[in-house]
Amino acid sequence: MKISELHTTEYHTYYGNYLALVPKDLSLIEGFKESSQNIIDFFQNIPAIKLNYAYANEKWSVKEVFQHLIDTERVFQYRCFCIARQDKTSLPGFEQNDYILPSNAKNKSLELLMEEFKTVRQSFIALLNSLSDEDLKCIGMANGNAMSARAAAFIILGHYQWHIDIIKERYL
């Protein structure tokens with residue numbers, strides 16, 4: 001399954017910027033597998049002195065951005081799971097700023113964040129491997145908007161790239 005198969009009716013327009021960053025010929029599961037090592041390499045190569053750096057007041061540090069990416073992957077994995085299982089419950093929104101302070105990301109080691117990322121990513125890959133193309137085409141409601149299970153997964157791939165690009169531009 002490739003992102004070119006996704007229809008704009010499967011996600012809110014807000015996510016278009018993330019989805020635009022996903023290569024059109026990249027298959028979903030391969031995208032998750034390939035990006036895993038790229039994400040690990042990227043964060044491991046950030047100088048330790050930059051990990052708690054924030055480029056402006058009220059902005060997240062690099063470690064907080066990494067935590068945000070992990071937390072968002074958890075939320076979207078749950079959305080993907082519920083929608084693929086045809087759960088008709090309208091899934092709640094996700095206020096990302098409310099999650100950062102209690103995450104205590106600034107005090108976590110990079111190694112702990114890496115372990116957390118790897119575990120969450122492996123879990124999402126296992127979920128995707130268990131779903132059929134028909135499961136992934138299912139549509140549900142998330143944050144008051146229609147979303148397909150596959151859109152929830154593809155959004156994660158673009159979301160990482162979006163934030164990595166911002167880190168490269170504003171933090172390093």
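Please treat every number below as a calculation from the coordinates, not as lab data. These numbers come from a predicted model, not from an experiment. Methodologically, a virtual Cβ is constructed for each residue, glycine included, from the backbone with ideal geometry; neighbour enumeration extends over all protein chains shown.
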(request) Let me have the relative contact order for the stretch 1-83, percent, based on Cα pairs under 8 Å that are six or more residues apart. (result) 20
(request) May I ask for the net charge around T8, where only other residues with Cβ less than 15 Å from the Cβ of T8 are counted and Lys, Arg are +1 while Asp, Glu are -1? (result) +1
(message) Which entries of K50/K118; K59/K108; K24/K59; K24/K106; K106/K168; K24/K137 have Cα-Cα distances beyond 24 Å here?
(response) K24/K59; K24/K106
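Note down the relative contact order for the chain as a percent, whole number, built from C-alpha pairs under 8 angstrom at least six residues apart.
Values: 203 pairs, mean separation 67.4, N = 172.
So the answer I get is 39 percent.
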(request) For the chain, state the average projected area of the convex hull of the C-alpha atoms over all orientations, rounded to one decimal in nm². (result) 9.5
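Fewest Cβ neighbours within 10 Å first, please rank E134, E64, E116 accordingly. Before the final figure, lay out each step's value.
Working: E134 9, E64 22, E116 19.
Ordered from fewest to most neighbouring Cβ atoms within 10 Å, E134, E64, E116 come out as E134, E116, E64.
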(message) Using a 7 Å offset from the Cα along the Cα-to-Cβ direction at both D41 and N57, what is the distance between the two label points in nm, to one decimal?
(response) 3.9
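So for I125, I39, fewest C-beta neighbours within 10 Å to most, what's the order? Present the calculation step by step, with values, prior to reporting the outcome.
Values: I125 17, I39 21.
Least to most surrounded, the residues fall as I125, I39.
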(message) Order these by the 10 Å Cβ neighbour count, fewest first: E115, E10.
(response) E115, E10
(message) If R₀ is 45 angstrom, what is the calculated FRET efficiency for the pair K50 and T89, using the beta carbon separation as r and rounding to 0.05?
(response) 0.65
(message) Given R₀ = 22 Å, what would the calculated FRET efficiency be for Q96 paired with T9, taking r from the Cβ atoms and rounding to 0.05?
(response) 0.35
(message) For a Förster distance of 41 Å, can you work out the FRET efficiency between the beta-carbons of I29 and R170, rounded to the nearest 0.05?
(response) 0.85
